[in-house]
Amino acid sequence: MGSQPPVRDGGTGEGWSLDDLDELEALRGDDDRSLSGATVTTDELFCALAEARNRFVLTYLLLVSRPVPCYELVEYVVHKTEPPAGYTQAEFRGRILTELLDTTCPKLDDIGLVEFDEKNQIVSETNQTIIALPHLRLALKRADLNSSD
């Protein structure tokens, strides 16, 4: 896996809709209680958000607001991204699944942004997941500005 190029984001650079996140933030509100009770450090949050796979997982969980099987996350990523050169769709799906199961979900679980049931391959929000929302929105706004140049 180390020699493979990282999974690329879609054409806008982020793979999700700013309108979707705006609507989500309006529904959930800006809850300072979630920020004050955060156990995820700023460094952990920004390190997690630096990787596209992590942003996809967090965004999807926030949008659907329910536990998600890993295969559903794979389909979301496949739908929102282009496979690297030389990969078939099946190879790309397999690669994404491997990355989610071996790296992405366990790492996000370790820092408390998600709960990952490895045995059943289910990913769920925690009370910390919401702290990523303002940063995901900011990343999207920047991507929108860059794509309109």
Neighbours by Cβ (under 8 Å, 6+ apart or cross-chain): first from segment 39-53, among the acidic types (Asp, Glu); second part of a helix (DSSP H, G or I): Glu44/Ile111; Glu51/Thr104
Filter result (surrounded by 13 or more Cβ atoms within 10 Å (Cβ to Cβ) and not in a helix (DSSP H, G or I)) within segment 54-92: Pro67, Val68, Pro69, Thr81, Glu82, Pro83, Pro84, Tyr87
Of residues in segment 116-149 being in contact with a helix residue (DSSP H, G or I) (Cβ under 7 Å, 6 or more places away or on another chain), open to solvent by less than 20 Å² (accessible area, probe 1.4 Å) and modelled with pLDDT under 95, the one farthest from Glu44 (Cα to Cα): Leu140
Some residue of segment 87-108 being at pLDDT below 95 and within 18 Å of Ser124 (Cβ to Cβ): no
Long-range neighbours under 6 Å by Cβ, at least six apart or interchain, first residue of a type in the set (Val, Ile, Thr) within segment 114-126, second at pLDDT 95 or above and open to solvent by 60 Å² or more (accessible area, probe 1.4 Å): Ile122/Pro67; Thr126/Glu115
Selected residue (only one of Ser34, Ser17 is open to solvent by less than 70 Å² (accessible area, probe 1.4 Å), closer than 18 Å to Leu133 by Cβ, out of contact with any Ser or Thr (no Cβ under 7 Å at 6 or more places or on another chain) and at pLDDT 55 or above): Ser17
Search result, residues across segment 93-115 that are within 21 Å of Phe46 (Cβ to Cβ) and open to solvent by less than 60 Å² (accessible area, probe 1.4 Å): Glu99, Leu100, Thr103, Thr104, Cys105, Pro106, Leu108, Asp109, Ile111, Gly112, Leu113, Val114
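The values are calculated or read from the model by the stated rules, or taken from the named source; none is laboratory data. Every value quoted in this text rests on a predicted model; they were computed, and no experiment measured them. Counting neighbours? That spans all protein chains shown, and the Cβs are built from the backbone with ideal geometry, glycine included. Protein only, heavy atoms only, side chains kept; ligands, DNA and RNA dropped before computing areas. Shrake-Rupley method; radii C 1.70, N 1.55, O 1.52, S 1.80 Å.
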